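Please treat every number below as a calculation from the coordinates, not as lab data. All values reported here derive from a predicted model rather than from experimental measurement. No Cβ is skipped: glycine too gets one built from the backbone with ideal geometry, and neighbour counts run over all protein chains shown.
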Amino acid sequence: MSTKFTEYKGLDLPNVATEVLDFWKRNKVFEQSVTSREGATPYVFFEGPPSANGLPGIHHVMARAIKDIFCRYKTQKGFQVKRKAGWDTHGLPVELGNRKRTRNHQRRHRKNYFG
């Protein structure tokens, strides 16, 4: 049994990737993967922000890619998977900034009040 497959000598993978991405954008493929499953059993994957406690690094990109595998798998199995990254500590930098500002305000207030 000998099967001959087409050989592409001039395969341009970056161009193929661009064409596929353009097709997905033009046809809203990702959006349809969510909306076409409206009413299906939801699959929720709570994912925090990639860099809540420090500067982003390549390990954040790798973790994000691995986590996305679970969402894609569940989508292919018919679940409705709405993605909302950074839900749990997304406001953490704002909260920490407010806390710092509030502490400074409280210190000034105490100093002015108590002398």
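For residue 28, give me every one of the aspartates and glutamates with a C-alpha distance below 18 angstrom, ignoring sequence neighbours fewer than eight places off in its own chain. Straight-line reach from residue 28, under 18 Å: 19, 38.
Note on residue 31 and residue 59: their simple-model spin labels are 3.7 nm apart, each label 7 Å out from Cα toward Cβ. Restricting segment 1-38 to GluC sites (Glu not before Pro) that sit in a DSSP loop and have at most 14 other Cβ atoms within 10 Å of their own Cβ leaves 7, 38.
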